[in-house]
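S.K.: Quick one: the structure is below, questions incoming.
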Amino acid sequence: MNFDSATTEPQTRESLLVRLRNADDELAWAEFAAVYEPVIYRMVQRRGLQDADAREIVQEVLMSVAASIKRFDVSAKGSFRGWLSRITRNATIDRLRSVQSRREMVGGSSVARMMDAVVSNNGDGAGNRHDAELSHEFDRDHRQQLFRWAAGKVRSRTGEIGWIAFWKTAVEEHSIAEVASELGISEGAVYVARCRILKRIRELVHQRSND
């Protein structure tokens, strides 16, 4: 199932990135953390860092965002996630250097190889390619986490039968007739539930994708 092609019109609202400039906007920061913390964490763990180090990097990145967001040009569409992926990359490099110096991981050479893989910049364009790969990876993880976040939001406001009807038909790709029989409801009810929930998830994804 592909949610990247959502075409719903965005609701009029203040951009989340603009709201983040207000350190007292707890709702905006909670929403930001719900979407981006798992993305940052997974990106760091793929570089071979342990759970405790990854969690510390997540907090370091969030603190960097809080300190710098007022200077970030929120009107530059598409640049925020690239900026955030670079902050995450730099924090990961710093932590790998710290791990290497503390000799907390087995084999200093393995740490060096991981650091080389993260830095990957030898002046011949490899650094730019690596940055592009990291940005693509970050965007992919962001889209996946955005769906999880939106689905969780919608599920909390949806009856269990309607949610099961949506999930089994739209995500697990069971037939409407099969799910209707399993749940003891009409095929029309399954179809309506799927359409309504999918529409709301797409609306939420579209809203957040514009930040």
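S.K.: Which numbered condition in (1) surrounded by 12 or more Cβ atoms within 10 Å (Cβ to Cβ); (2) free of Cβ contacts under 8 Å to residues at least 60 places away in the same chain; (3) among the charged types (D, E, K, R); (4) assigned to a helix (DSSP H, G or I) is the only one that residue 70 fails?
M.R.: Here residue 70 meets the rest and fails (1).
S.K.: Among the numbered criteria (1) crowded, with 17+ Cβ neighbours inside 10 Å; (2) within 14 Å of the chain's Cα centre (by Cα); (3) at pLDDT 90 or above, which one does residue 43 miss?
M.R.: (3) is the only condition that residue 43 fails.
S.K.: Moving on. Given (1) open to solvent by 10 Å² or more (accessible area, probe 1.4 Å); (2) without any contact (Cβ under 8 Å) to a residue 40 or more places away in the chain; (3) within 20 Å of residue 89 (Cα to Cα), where does residue 29 come up short, assuming only one miss?
M.R.: If we test residue 29 against (1) open to solvent by 10 Å² or more (accessible area, probe 1.4 Å); (2) without any contact (Cβ under 8 Å) to a residue 40 or more places away in the chain; (3) within 20 Å of residue 89 (Cα to Cα), just (3) comes out false.
S.K.: Given the conditions (1) of a type in the set (Ser, Thr, Tyr); (2) closer than 30 Å to residue 61 by Cα; (3) part of a loop (DSSP other than H, G, I, E, B), and given that residue 135 satisfies all but one, which numbered condition is not satisfied?
M.R.: (3)
S.K.: I want to confirm something. Restricting to the range 73-113 and keeping residues that are closer than 30 Å to residue 22 by Cα and modelled with pLDDT under 75, which single residue is most open to solvent (accessible area, probe 1.4 Å)? Before the answer, list the steps.
M.R.: First, pick out the residues of the range 73-113 that are closer than 30 Å to residue 22 by Cα: 73-95.
Filter once more, so that each one left must be modelled with pLDDT under 75: 74-78.
Values: 74: 46, 75: 93, 76: 40, 77: 179, 78: 65 Å².
Selected residue: 77.
S.K.: Output yes when any residue across the range 173-196 is at pLDDT below 90 and open to solvent by 40 Å² or more (accessible area, probe 1.4 Å), and no when none is.
M.R.: There is no residue in the range 173-196 that is at pLDDT below 90 and open to solvent by 40 Å² or more (accessible area, probe 1.4 Å).
The values are calculated or read from the model by the stated rules, or taken from the named source; none is laboratory data. Note that this is a predicted model, so its numbers are computed, not measured. Cβ sites come from the backbone with ideal geometry, for glycine too, and all protein chains shown count toward neighbours. To get the accessible areas, we keep the full protein, side chains included, count just its heavy atoms, and leave off ligands, DNA and RNA. Shrake-Rupley method; radii C 1.70, N 1.55, O 1.52, S 1.80 Å.
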